[in-house]
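What follows is calculated from the coordinates using simple rules that are stated; it is not laboratory data. These numbers come from a predicted model, not from an experiment. Cβ sites come from the backbone with ideal geometry, for glycine too, and all protein chains shown count toward neighbours.
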Number of protein chains: 2
Amino acid sequence: MKAILVILDGLGGRPTDLDGATCLERAATPNMDGLAQRGALGLMDPIRPGVRPGSDTSHLAIFGYDPFQVYTGRGAFEALGIGMEVRGGDICFRTNFATVEERGGELIVVDRRAGRLAEGKELEGAVNGIDLSDLGVEFSFRASTEHRGALVLRGENLSAAVSDTDPHETGVPIAQAKALADSQAARRTAEILNAFSRRAYQALKEHPVNRRRRESGKPPGNALLLRGAAVMPHLRPVTEEYGVRGACVAGGALYKGVARAAGLEVLDVPGATGDLRTDLCAMAKATLAALSDYDFVFVHIKGTDNAGHDGDAQAKTDFIERIDREFFGTLLAGLDLTQVHLVVSGDHTTPPAAGEHTADPVPALFVGPAIRPDKCQKFSERAAGEGGLGRFSGRLVPQLLAYCDFGPKFGA
Amino acid sequence: MKAILVILDGLGGRPTDLDGATCLERAATPNMDGLAQRGALGLMDPIRPGVRPGSDTSHLAIFGYDPFQVYTGRGAFEALGIGMEVRGGDICFRTNFATVEERGGELIVVDRRAGRLAEGKELEGAVNGIDLSDLGVEFSFRASTEHRGALVLRGENLSAAVSDTDPHETGVPIAQAKALADSQAARRTAEILNAFSRRAYQALKEHPVNRRRRESGKPPGNALLLRGAAVMPHLRPVTEEYGVRGACVAGGALYKGVARAAGLEVLDVPGATGDLRTDLCAMAKATLAALSDYDFVFVHIKGTDNAGHDGDAQAKTDFIERIDREFFGTLLAGLDLTQVHLVVSGDHTTPPAAGEHTADPVPALFVGPAIRPDKCQKFSERAAGEGGLGRFSGRLVPQLLAYCDFGPKFGA
């Protein structure tokens, strides 16, 4: 038996999106409606009723983790989100390239964002070239958009109980990281960060990118400020808990990162992107191909959420129709529905009328030989409200894998 | 966007209430049925399935707090319930006026309830006149019904880990409060209580009320026994978490107290009482008026529960019809339903056939522009069982405020 979870990011909508209907209700979706006729629907609160989910917390909950227990702050999942490899126990920081000036032996922050520089990627190598081996710690840095990035520290005896080196104001020195707990690990981590601050300045101050910026009158990115220390939680891989091999087909970095943390292998799918241009046929073909090697495939399609954030109900409707035609058309042509359990849902509701994630429950569709069919004839929010699976909180992956008879019994 | 939560206390019923129907099913409620036709219904377990809620615990859960975490015992919410101002960290006790006799330098309890005296309110001033300033603690006392009342201690370094001064039997001395934890705060609190016991006797023994009672052969209320120490939890105000201004329209003291603890301002509504005589039109008008100054109005109507406790199904049915006509008739005449989200539900089920709170799920009605309508045509328990919102536990306020797009995102 094989398991497929398809998350259409931000799938759910509101009646205000399209003059009394949601995009999913208005879209022509014959393939998903056919699945609804064979299976059963329900309503999912990704985290719990009335909680407006982030993409990170909702995916944790969908994979069966309790985000109130394991979500330690944005730092860790931000690093995952820009595609870094992060392991349980790693200490993660959000970073800014900043502009500092030497005055009386101190490094005074004059621009916390280095003029929102565009050359972060060009400076990445210099930062990663810093040597911290004398301090017994490994690290990895990645630049993302403008001045932003993330830093991951890895090693024994580290702690997230440290204060920021970002002073959060200008005209003052780079802050000295301090231990926020009375522990040797916290004191050691603070020392590492302070050494890192000094060495980053040495590595960046005469970098060709910064010389060029100074020459053209722009503030150089000659310092790296750290904030929001968070430890990456040790997640027990679902693949280990359920004794399965799992794969991920996705375009967006965050979803690949959560999937990796949950024990899935991230497949390389040319053409799969985190926006509306993604190659949906390629994603379906990659899913079908993965079924020969893996028990469980997690597919993440991001564009629905992008259209929701843009407030573009027509684009969301059109993209849902493309998903139905291109992704599900391709997938179903190659699938034996007696040998697979399939779940289609969202990670939260992003109504174009709201332009943001909302806490409204999300429609969920389950189909496969173990699923008791209900009366629903269509995949939509309103049909899901009448569905045979009722209303539940998160935990799509545990339910899906359990329908496949994977996984342990709790108790005897 | 505005938010209104209307709690009809003890709303739900059982088929045994009226020969196969509940009071809500039997009552003519054209206004609430009209709302059901525009909105969607669901079933709420106030705390969780199978838990029989108190009024305090159910309201905590409805406001989004976890009563298993924050409910520390009856003392704190009893003090709120009789209208006292209680803050997070205050130590609260339930109290009895009692009759003691001096024998061999000890105060022997001869009647734990002082003959269920009626003059508690007249003794209140004498108790509040006790001076504890040398002990560095503030306190407040309020008498409620018969011999009952509540005491609230406020100050640094206090603890609820103290034993009762109520010996729970007669013929023995007033108990010495003892520290139940090895902490300086617990020892200090026990000392304060023992000093309070002695000083209360001094303040009460020659009080004119007690002289009068002795002269007419009644046991005097010359001591105050304390029991059930509980610390008032620090609740994070929902108004702060969601960034809204909230108001409360209610008759009963407990509901005003919980609302205050949740950050709402309690409005003075002449005619609003905690029984069947409340002025429902005045409550509706106060709600409408509050919408110009507040984002969120919590309305609590108590009489449905009173009729349920009295086992009077006819009175409950009649009162539900009055609520529909007078409260909702007035409210809906002044409301633009495209600009408001409205929830109508109960805090628990009080079936007249049971005469008590029961754990049965409670019907809940949501209406407003973001709510996906379902097929329900009527507001009733059975309709709610077929409603598009399924079944969920408590958390009406977080859901309501989230539909209005108030509040933070959990995660990124």
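For the range A:295-337, what does the alpha-carbon gyration tensor say about shape, rounded, prolate or oblate, given a ≥ b ≥ c as the root eigenvalues, a/c under 1.5 as rounded, and a/b over b/c as prolate? Here the range A:295-337 falls in the oblate category.
Considering only beta bridges that DSSP places wholly inside the protein assembly as shown, some 60 percent are antiparallel. Between B:ARG214 and B:ARG103, the simple spin-label model (points 7 angstrom out along Cα→Cβ) gives 1.7 nm.
Treating the beta-carbon of each Lys and Arg as +1 and of each Asp and Glu as -1, no other charges, what is the dipole magnitude of the protein assembly as shown about its Cα centre, to the nearest 20 debye?
620 debye
For B:GLU156 and B:GLU386, compute 0.36 nm times the residue count separating them, minus their Cα-Cα distance, and round to one decimal in nm.
On the way: separation 230, 0.36 × 230 = 82.80 nm, distance 5.23 nm.
This chain segment gains 77.6 nm when fully extended.
Of the residues A:GLY149, A:GLY105, A:PRO219, the one whose Cα sits farthest toward the positive end of the charge dipole of the range A:91-231, with +1 on the Cβ of Lys and Arg and -1 on the Cβ of Asp and Glu, is A:PRO219. Each of B:GLU326, A:GLU106, B:GLU25, B:GLU78 was scored by other Cβ atoms within 10 Å of its Cβ. Arranged with the fewest first, they read A:GLU106, B:GLU326, B:GLU25, B:GLU78. Take the alpha carbon atoms of the range A:375-412, find their center, do the same for the range A:6-24, and report the distance between the two centers in whole angstrom. Centre-to-centre (Cα) distance: 20 Å. Translational diffusion of the range A:192-343 was estimated from the Stokes-Einstein equation, with Rh taken as the Kirkwood radius over Cα pairs; at 37 °C and 0.692 mPa s the coefficient is 174 µm²/s.
Legend: mean number of C-beta atoms from other chains within 10 angstrom of residue C-beta atoms, peptide B:366-375, equals 5.
Distance from the Cα centroid of the range B:248-304 to that of the range A:134-177 is 51 Å (rounded to whole angstrom). For the range B:98-246, the alpha carbon convex hull comes to 140 Å³ per residue, rounded to a whole number. In the range A:269-412, taking the dipole from charged Cβ atoms about the Cα centre, the farthest positive-side position among A:THR278, A:LEU335, A:CYS376 is held by A:CYS376.
Only helices enter this figure: runs of n ≥ 4 DSSP H residues, each worth -39500 (n - 2.57), summed and divided by the residues of chain B, yield -8500 deg cm²/dmol at 222 nm to the nearest 500.
Full extension of the chain segment joining A:ASP66 with A:GLU124 gains 17.5 nm, where the gain is 0.36 nm per residue of separation less the Cα-Cα distance. Extending 7 Å from the Cα toward the beta-carbon at both A:ASP268 and B:THR170 defines two label points whose distance is 8.9 nm.
The amide H of B:LYS2, built 1.01 Å from its N in the peptide plane, has B:VAL340, B:HIS341 as neighbours under 5 Å, considering only residues 5 or more places off or on other chains. Oblate is the label for the range B:231-270, because the ratio a/c of its alpha-carbon gyration tensor axes (a ≥ b ≥ c) is 1.5 or higher and a/b is not greater than b/c.
Projected label points at B:ILE82 and A:LEU180, each 7 Å from Cα along the beta carbon direction, are separated by 4.3 nanometres.
Residues of A:9-22, mean number of Cβ from any other protein chain within 10 Å of their own Cβ, rounded to a whole number?
Numbers: counts 0, 0, 0, 1, 2, 5, 6, 5, 1, 0, 0, 1, 1, 1.
Mean number of neighbouring Cβ atoms from other chains: 2.
Taking the convex hull of the Cα atoms, report for chain A its projected area averaged over all directions, in nm².
Values: hull surface 89.8 nm².
Mean shadow area of the hull around the Cα atoms is 22.4 nm².
When the P(r) is computed for the protein assembly as shown, the part past 37 Å accounts for 56% of the Cα-Cα pairs.
Over the range B:256-412, all Cα pairs binned in 5 Å intervals from 0 give whole-percent P(r) values of 1, 8, 15, 20, 22, 19, 11, 3, 1, 0, 0, listed from short to long.
Taking 0.36 nm per intervening residue step and subtracting the Cα-Cα distance, what contour gain separates B:ARG245 from B:VAL110 on full extension?
Details: separation 135, 0.36 × 135 = 48.60 nm, distance 5.07 nm.
Result: 43.5 nm gained on full extension.
Roughly how many debye, to the nearest 20, is the charge dipole of chain B about its Cα centre, given +1 on each Lys and Arg Cβ, -1 on each Asp and Glu Cβ, and no other charges? Charge dipole of chain B: 320 debye, to the nearest 20.
Take each uninterrupted DSSP H stretch in chain A, measure its Cα extent along the helix axis, and return the ones at 20 Å or beyond whose mean Kyte-Doolittle hydropathy is at least -0.5.
A:184-204
The charge dipole of the range B:288-333, taken about its Cα centre with unit charges on the Cβ atoms of Lys, Arg (+1), Asp and Glu (-1) only, comes to about 40 debye.
In a GNM of chain B with a 10 Å cut-off on Cα contacts, which of B:GLY54, B:GLY73, B:GLY243 has the highest mean-square fluctuation? Among B:GLY54, B:GLY73, B:GLY243, the largest GNM mean-square fluctuation belongs to B:GLY243. Tell me which of B:ALA289, A:LEU8, B:VAL244 sits at the most positive position along the dipole axis of the protein assembly as shown, charges placed on C-beta atoms (Lys, Arg +1; Asp, Glu -1). So the residue furthest toward the plus end is B:VAL244.
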